[in-house]
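The values are calculated or read from the model by the stated rules, or taken from the named source; none is laboratory data. Computed from a predicted model, the values in this text were never measured in an experiment. Ideal geometry is used to build each Cβ from the backbone, glycine not excepted, and the neighbour counts take in all protein chains shown.
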Amino acid sequence: MLSNKLIRWIVVMICILSVYGCARKPAAQQEPTKTTAEYKAEADKQINEQNASQELAKLEQEVAADANQP
């Protein structure tokens, strides 16, 4: 009789600890994503008439490199 009560209490405690005993991890903070307007403003600052052809060549190289990766 005593062993049944002891076993029940152990099972109840294990259930309670499994539900409430685990520490809750805070949600990972996400990095804010840029909007289209922010990307456009950044591109307008970086690309001008003098370096447009160079920037285009860089982009073409990046695309070609990405296309060649398996």
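Structural remarks
- Any chance A27 is assigned to a loop (DSSP other than H, G, I, E, B) and among the small types (G, A, S): yes
- Residues within segment 20-58 that are at pLDDT 90 or above and either aliphatic (A, V, I, L, M) or touching a strand residue (DSSP E or B) at 6+ places or on another chain (Cβ under 7 Å) (or both), tallied: 5
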